[in-house]
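Below is one structure, written out as structure tokens; the observations come after it.
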Amino acid sequence: MGLTKAALIASATSTEAAAAPLAGDGAGATLALFLLVVLVIAWLALRTFVRSLRARKAERMVGASFTDYALEALVNAARIDGRVNDDERREIARAIGELAGPTYTPQVVEAAFAKARLSKDELLAYLSTRSRTFSRDQKVALLKALLSVFVADGRFDEREHAALVDYTAAIGFDRQSAPDFLRGLARDFARGSIT
């Protein structure tokens, strides 16, 4: 009987020893969760801060003008695949002419290529902060113009598709419904009814 009693005491002691760290794990888990929440909040704050810096840089470059912004975005769209050809330049001149009228000549487009300094992320940040000031017609016209520039060289690669989805989301259209919206634009474009 003495052996059984000793085994029970040893078992109880080891159970208590194993339970002791578990009691402290509640505080550790709470601390870990708190740190995770703090890190997520810090990440979101940093992301918002960086986005606002990008938006301010874009605003300094294009001001509040929708057409100046659109020209900068179209030039950036032509460059996104790493090459710019004459078809894309002509399409930008045509598209910006439709958006802004005859004051945006091919010479203005060439000058925009020479002085373009904004990245896609800066243009997207500006657009997401200013999208409420643009009308729905302006937003749709910008997306149509971007699509026409993206396909002007006869190709529509993944970078261009991703950029178009990003612009669609920055404009304020739902990111989940963006592909359907863009398919509709592409159908219009294929039928020749996109202008």
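The values are calculated or read from the model by the stated rules, or taken from the named source; none is laboratory data. Source: prediction; values computed, not measured. With ideal geometry, Cβ positions are generated from the backbone for all residues, glycine too; neighbour counts draw on all protein chains shown.
Can you name the residue in segment 49-86 that is hydroxyl-bearing (Ser, Thr, Tyr) and at pLDDT 70 or above and, of all such residues, is nearest to ALA125 (Cα to Cα)? Among residues in segment 49-86 that are hydroxyl-bearing (Ser, Thr, Tyr) and at pLDDT 70 or above, the one nearest to ALA125 (Cα to Cα) is TYR69.
Entry remark, segment 144-159: residues being at pLDDT 85 or above, in contact with a Phe, Trp or Tyr (Cβ under 8 Å, 6 or more places away or on another chain) and surrounded by fewer than 20 Cβ atoms within 10 Å (Cβ to Cβ) number 2 in total. May I ask you to verify whether ALA17 is modelled with pLDDT of 65 or more, exposed (fewer than 10 other Cβ atoms within 10 Å of the Cβ) and part of a helix (DSSP H, G or I)? No, not satisfied. Tallying residues that are of a type outside the set (Asp, Glu), in a helix (DSSP H, G or I) and closer than 20 Å to ALA100 by Cα within segment 123-170 yields 22.
Taking the condition of being in contact (Cβ under 8 Å) with a residue 40 or more places away in the chain and among the small types (Gly, Ala, Ser), how many residues in segment 61-76 meet it? Step through it out loud before you land on a result.
Going residue by residue through segment 61-76, those that are in contact (Cβ under 8 Å) with a residue 40 or more places away in the chain are 61-62, 64, 66, 69-76.
In the following step, the residues that additionally are among the small types (Gly, Ala, Ser) were identified as 64, 70, 73.
Total satisfying the criteria: 3.
Output yes when any residue across segment 181-193 is surrounded by fewer than 19 Cβ atoms within 10 Å (Cβ to Cβ), out of contact with any Phe, Trp or Tyr (no Cβ under 9 Å at 6 or more places or on another chain), in a helix (DSSP H, G or I) and at pLDDT 85 or above, and no when none is. No, segment 181-193 contains no residue that is surrounded by fewer than 19 Cβ atoms within 10 Å (Cβ to Cβ), out of contact with any Phe, Trp or Tyr (no Cβ under 9 Å at 6 or more places or on another chain), in a helix (DSSP H, G or I) and at pLDDT 85 or above. I need the full set of residues from segment 99-122 which are in a helix (DSSP H, G or I) and charged (D, E, K, R), in order please. If the condition is that a residue be in a helix (DSSP H, G or I) and charged (D, E, K, R), then GLU110, LYS115, LYS120, ASP121, GLU122 are the ones that fit.
Would you point out which residue out of GLY172, GLY154 is in contact with a Ser or Thr (Cβ under 6 Å, 6 or more places away or on another chain), of a type outside the set (Phe, Trp, Tyr) and at positive phi? It would help to see each step written out before you state the result.
Values: GLY154 fails: in contact with a Ser or Thr (Cβ under 6 Å, 6 or more places away or on another chain).
Only one candidate qualifies: GLY172.
If you scan segment 77-127, which residues turn out to be surrounded by fewer than 14 Cβ atoms within 10 Å (Cβ to Cβ) and without any contact (Cβ under 8 Å) to a residue 12 or more places away in the chain? Scanning segment 77-127 gives GLY82, ASP86, GLY101, PRO102, THR103, GLN107, ALA111, ALA114, LYS115.
Do you know which residues across segment 128-140 are of a type in the set (Gly, Ala, Ser) and free of Cβ contacts under 8 Å to residues at least 60 places away in the same chain? Even if it seems obvious, please write down each step before you answer.
Within segment 128-140, the subset of a type in the set (Gly, Ala, Ser) is 128, 131, 135.
Scanning segment 128-140 gives SER131, SER135.
Checking each residue in segment 111-134 for being farther than 17 Å from LEU164 by Cα and more than 14 Å from the chain's Cα centre (by Cα) picks out ALA111, ALA112, PHE113, ALA114, LYS115, ALA116, ARG117, ARG130, ARG132, THR133, PHE134.
Listed conditions (1) outside any helix (DSSP H, G or I); (2) over 23 Å from the mean Cα position of the chain (by Cα) are all met by ARG83, apart from (2).
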